[in-house]
Amino acid sequence: MPIDESLKFLPVNIAVLTVSDTRDMASDRSGQTLQDRIEAAQHHCVAREIVKDDPDAIEAVLRRWIADPAVDCVITTGGTGITGRDVTPEAFKRVLEKEIEGFGELFRWISFQKIGTSTIQSRAMGGVAGGTYLFALPGSTGACKDGWDDILRFQLDSRHRPCNLVELMPRLLEHLKPV
């Protein structure tokens with residue numbers, strides 16, 4: 001995946017949300033993994049929170065960050081499985097304007113290479129709402145590494161070729177402009 005070093009790097013403002021009934025900031029390894037990788041890639045981790053596995057609570061944080069012009073992208077970790085408490089995709093579906101189906105498909109393809117058919121238990125997903133990118137990753141540190149290292153690191157780099165999500169950011173709200 002080529003990065004054109006002759007192009008200017010544009011840092012992205014990213015918020016990280018951990019969805020968990022059991023984690024706090026001290027024990028949130030997945031959220032910390034994402035924050036570390038975001039900052040190592042020279043992006044800005046502009047917010048980081050933990051919320052319980054509750055669709056209303058998740059939706060509230062997503063809507064707050066979508067409305068915040070300082071947040072370009074939200075990455076969540078946790079709540080994407082299939083148990084009764086896994087409700088992150090349901091909260092995402094309440095706020096998404098457009099789903100990025102390819103994100104979940106690619107994530108599961110990459111995950112299959114590492115954990116085999118167990119990847120079917122993941123409901124990782126991506127989308128756009130209010131001009132903000134939203135990505136839901138599983139709660140394991142391995143899944144966060146895979147999602148960032150193999151997909152988001154490239155798609156959130158303005159120098160990635162042949163194309164990237166950053167170059168589309170100015171056009172995400174076109175549907176709201178008067179004709």
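The values are calculated or read from the model by the stated rules, or taken from the named source; none is laboratory data. On a predicted model such as this, the values are computed, not experimentally measured, just so you know. Virtual Cβ from ideal backbone geometry, glycine too; neighbours counted across all protein chains shown.
Can you confirm whether V128 is among the aliphatic types (A, V, I, L, M), buried (at least 17 other Cβ atoms within 10 Å of the Cβ), assigned to a loop (DSSP other than H, G, I, E, B) and within 13 Å of the chain's Cα centre (by Cα)?
Numbers: among the aliphatic types (A, V, I, L, M): yes; buried (at least 17 other Cβ atoms within 10 Å of the Cβ): yes; assigned to a loop (DSSP other than H, G, I, E, B): no; within 13 Å of the chain's Cα centre (by Cα): yes.
The answer is no for V128.
On the basis of being among the acidic types (D, E), farther than 17 Å from S20 by Cβ, touching a strand residue (DSSP E or B) at 6+ places or on another chain (Cβ under 9 Å) and at pLDDT 95 or above, does D72 make the cut? Talk me through it step by step, then tell me what you get.
Details: among the acidic types (D, E): yes; farther than 17 Å from S20 by Cβ: yes; touching a strand residue (DSSP E or B) at 6+ places or on another chain (Cβ under 9 Å): yes; at pLDDT 95 or above: yes.
Criteria met by D72.
Across the range 9-49, what is the number of residues that are out of contact with any helix residue (DSSP H, G or I) (no Cβ under 7 Å at 6 or more places or on another chain) and of a type outside the set (S, T, N, Q)?
Restricting attention to the range 9-49, the residues satisfying the condition of being out of contact with any helix residue (DSSP H, G or I) (no Cβ under 7 Å at 6 or more places or on another chain) are 9, 11, 13, 20-28, 31-32, 35-36, 38-40, 42-44, 46.
Going one step further and asking which of them are of a type outside the set (S, T, N, Q), we end up with 9, 11, 21, 23-26, 28, 31, 36, 38-40, 43-44, 46.
Final tally of qualifying residues: 16.
Would you be able to say whether some residue in the range 147-164 is crowded, with 16+ Cβ neighbours inside 10 Å, small (G, A, S) and farther than 26 Å from D56 by Cα?
So the first thing to find is which residues in the range 147-164 are crowded, with 16+ Cβ neighbours inside 10 Å, and the list is 147-148, 150-160, 164.
Okay, now just the ones that are also small (G, A, S), so 147, 158.
So of that shortlist, the ones also farther than 26 Å from D56 by Cα come out as 158.
The answer is yes, given that some residue of the range 147-164 is crowded, with 16+ Cβ neighbours inside 10 Å, small (G, A, S) and farther than 26 Å from D56 by Cα.
If a residue has to be within 28 Å of R94 (Cα to Cα), among the aliphatic types (A, V, I, L, M) and surrounded by fewer than 18 Cβ atoms within 10 Å (Cβ to Cβ) to count, how many in the range 1-45 make the cut?
1
Restricting to the range 98-120, give me the number of residues that are basic (K, R) and either under 14 Å from the mean Cα position of the chain (by Cα) or not in a helix (DSSP H, G or I) (or both).
First pass over the range 98-120, keeping only residues basic (K, R): 98, 108, 114.
Adding the requirement that they be either under 14 Å from the mean Cα position of the chain (by Cα) or not in a helix (DSSP H, G or I) (or both) leaves 98.
So the count comes out to 1.
Which residue pairs have Cβ atoms under 6 Å apart, sit 6 or more places apart or on different chains, and have a first residue in the range 61-84 that is surrounded by 14 or more Cβ atoms within 10 Å (Cβ to Cβ) and among the charged types (D, E, K, R) and a second that is part of a strand (DSSP E or B) and at pLDDT 95 or above?
So the pair list comes out as D72/N13.
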